[in-house]
Every structure is written in structure tokens, then in C-alpha cells.
2 protein chains.
Amino acid sequence: MRCLNINNKDVGVSKTNHFTDQQNRIATLAKALGHPARVAIIEYLLKVKTCICNDIVDELPLAQSTISQHLKELKNAGIIKGSIEGKTICYCLDETTFAVLKQYFKNIIISVNDQKCC
Amino acid sequence: MRCLNINNKDVGVSKTNHFTDQQNRIATLAKALGHPARVAIIEYLLKVKTCICNDIVDELPLAQSTISQHLKELKNAGIIKGSIEGKTICYCLDETTFAVLKQYFKNIIISVNDQKCC
DNA sequence: ATAACATATCGTAATATTGCGATGTTTAAA
DNA sequence: TTTAAACATCGCAATATTACGATATGTTAT
């Protein structure tokens with residue numbers, strides 16, 4: 001059953017358009033990292049330097065389709081890159097994205113040290 | 001209507017217990033940052049050094065109850081701290097948490113530079 | 001005591017996320 | 001050319017998230 005939103009209330013909808021591009025970007029990246037399976041995938045990619053593809057299925061307690069979905073989300077967010085490598089796909093981490101994240105938190109820490117409270 | 005999960009499939013449930021504490025911790029932090037409103041709240045707290053409370057309601061295009069909910073999530077994740085300050089509540093960023101995040105991404109970058117691919 | 005302010009919580013409605021099996025699609029080997 | 005491996009996508013079911021208004025709660029002035 002589908003119901004109409006009679007009152008025109010923005011219910012259940014992220015008002016992304018009200019925030020800055022930077023804020024949306026960080027939120028998108030953080031969201032993509034906001035699931036332990038995806039964190040695990042990243043750590044796996046980090047471990048197996050040669051950026052192998054879906055042996056991840058054997059690594060994690062999730063179905064192949066689920067892993068594929070998680071990989072897609074990571075790729076959409078720009079956290080990983082994937083390139084076709086014959087029969088398989090070579091996924092690997094996107095350094096520049098992590099550099100953005102590192103810098104963002106670094107800057108926060110610089111500012112937060114000025115705080116005079118709590 | 002509520003339906004039973006006849007097939008015992010873990011449908012729609014994060015299997016957090018299959019991942020390491022570290023992975024779950026990072027995912028929890030990232031998830032809390034995974035919404036532009038919460039990123040905006042953090043940046044606001046960063047700007048107004050004196051960690052004022054709900055003037056955030058005037059800053060963001062969201063209802064008071066919604067802001068309160070976002071603050072709660074940030075607090076639960078350990079990203080902000082709050083202490084009662086008379087009539088108001090003094091919210092401020094938790095430095096140690098940001099230090100964790102910064103370090104995490106720093107370490108990733110160190111490893112990712114070894115990568116020989118893509 | 002009461003009013004007013006600053007929150008938090010609750011109930012509800014809607015969308016988003018997560019997970020799976022089944023099924024496509026493409027490539028490489030047989 | 002069939003087969004199989006490696007993914008991706010689809011459809012479904014269930015939970016989670018987001019947002020709001022209404023309301024409750026606590027604090028401080030009046």
C-alpha cells in the first residue's frame with residue numbers, strides 16, 4: 001500500500017539540498033563507511049595489496065549479491081575504484097578520497113583544540 | 001501488519017556480530033557522520049567555539065525535534081558530549097573520537113600507498 | 001505559582017538500507 | 001559452442017532512518 005503525503009511534510013527525506021556541497025560530500029563518504037561489512041571490505045582491500053575482487057565473498061559472512069551491493073555503494077561514493085581485468089574485476093581503494101577524509105578530520109582536530117568547554 | 005520471517009533469513013539486519021570491534025566502532029562513527037545535517041551540526045559546533053546548544057535550530061532547516069534526534073545520535077556514537085548548563089545543554093565535540101578517526105584514515109593512507117594497482 | 005524557554009520523547013508516516021535467492025550478463029576455458 | 005566462473009541486477013521482505021507535530025519535562029525568571 002502506498003499513501004499520499006497530504007500535508008506536504010518532508011517525512012523520511014534527507015534535505016540534502018539545504019546543506020553545502022562539502023557537507024553532503026563528507027556525509028556521503030561517511031555513510032558509505034557506515035556499515036561494518038563495508039569497513040571490512042576496505043580493510044580486506046588494504047590487506048591484499050594486489051586488490052583482488054570477489055574472494056571477499058569467502059572472507060565475509062555475506063552472500064555474493066550482498067557483497068556486490070556493498071561494493072557498488074563504495075564505488076558510488078568514490079571510496080573504491082574498479083576496473084575490468086579479464087573475467088574478474090579489480091577493485092581497489094581510491095587514495096584521493098581517503099586523503100580528503102584524513103584532511104577533514106585533521107582540520108577538525110586543529111579547530112577543536114581551541115574549544116573552551118565541557 | 002507484521003510478518004514472520006519463516007525462512008530464518010537475516011533479512012534487513014546488519015550482522016554486526018560477524019565483524020571485529022574495531023570495524024563496528026569505525027562503522028558506528030562513520031554512520032553517525034553519514035548525514036549532512038549531522039555534519040552541519042558538527043561544523044556549527046566547531047565554529048561557535050563556546051559550544052552553545054540549540055541555536056542550531058535556527059541554523060538548520062529542520063524542526064527542533066529532528067535536531068534533538070540528530071544530537072542524540074551524535075552523542076550515542078560518542079562524537080559529541082553534552083553537559084547540563086542550567087536551562088540549556090552544552091554540547092561539544094569529543095576530541096578523542098576525532099583523533100580516532102584521523103588516525104584511522106592516516107593509517108589507511110600509509111598502507112594504500114603500497115598498492116600496485118588500478 | 002505561573003509563564004516561558006530549552007530540550008527530550010513519542011507516535012506516525014514515509015523513504016532508505018540490508019539481506020537473500022534467483023536470474024542475467026559477460027568472459028574464458030573446454 | 002557449450003560450460004563454468006565472476007559478477008551485477010532484480011524482486012522481495014524486513015528493519016532502520018528521517019522527519020514532523022504534539023506533548024512531556026525540567027529550569028529559570030516573574
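The values are calculated or read from the model by the stated rules, or taken from the named source; none is laboratory data. Note that the structure is predicted; figures quoted are calculated from it, not measured. Here the Cβ is made from the backbone with ideal geometry for all residues, glycine too, and neighbour counts use every protein chain on show. Each accessible area value is taken on the protein alone, full model and side chains, heavy atoms only, with ligands, DNA and RNA left out. Shrake-Rupley method; radii C 1.70, N 1.55, O 1.52, S 1.80 Å.
So B:ALA77 ticks every box in (1) open to solvent by 20 Å² or more (accessible area, probe 1.4 Å); (2) more than 19 Å from A:THR20 (Cβ to Cβ); (3) more than 11 Å from DNA strand C (Cβ to nearest atom) but one. Which box is left unticked?
(1)
Answer with yes or no whether A:ILE79 is within 16 Å of DNA strand D (Cβ to nearest atom) and closer than 22 Å to B:LEU29 by Cβ.
Spelling it out, A:ILE79 is indeed within 16 Å of DNA strand D (Cβ to nearest atom) and closer than 22 Å to B:LEU29 by Cβ.
Just to be sure before I move on: is A:GLY82 open to solvent by less than 60 Å² (accessible area, probe 1.4 Å), more than 7 Å from every other protein chain (Cβ to nearest Cβ) and touching a Ser or Thr at 6+ places or on another chain (Cβ under 6 Å) in the structure I sent?
Numbers: open to solvent by less than 60 Å² (accessible area, probe 1.4 Å): yes; more than 7 Å from every other protein chain (Cβ to nearest Cβ): yes; touching a Ser or Thr at 6+ places or on another chain (Cβ under 6 Å): no.
Against the criterion (open to solvent by less than 60 Å² (accessible area, probe 1.4 Å), more than 7 Å from every other protein chain (Cβ to nearest Cβ) and touching a Ser or Thr at 6+ places or on another chain (Cβ under 6 Å)), A:GLY82 does not qualify.
Check whether at least one residue in region B:95-118 is assigned to a strand (DSSP E or B), out of contact with any Asp or Glu (no Cβ under 7 Å at 6 or more places or on another chain), under 22 Å from B:LYS47 (Cβ atoms) and not basic (Lys, Arg), and report yes or no.
no
When region B:18-71 is examined, which residues are found to be within 10 Å of DNA strand D (Cβ to nearest atom) and among the charged types (D, E, K, R)?
B:LYS31, B:ARG38
How many of the residues in region A:27-42 are closer than 21 Å to A:SER65 by Cβ, more than 7 Å from chain B (Cβ to nearest Cβ) and of a type outside the set (A, V, I, L, M)?
Of the residues in region A:27-42, 1 are closer than 21 Å to A:SER65 by Cβ, more than 7 Å from chain B (Cβ to nearest Cβ) and of a type outside the set (A, V, I, L, M).
What's the total number of residues in region A:33-53 that are within 12 Å of DNA strand C (Cβ to nearest atom) and out of contact with any His (no Cβ under 9 Å at 6 or more places or on another chain)?
3
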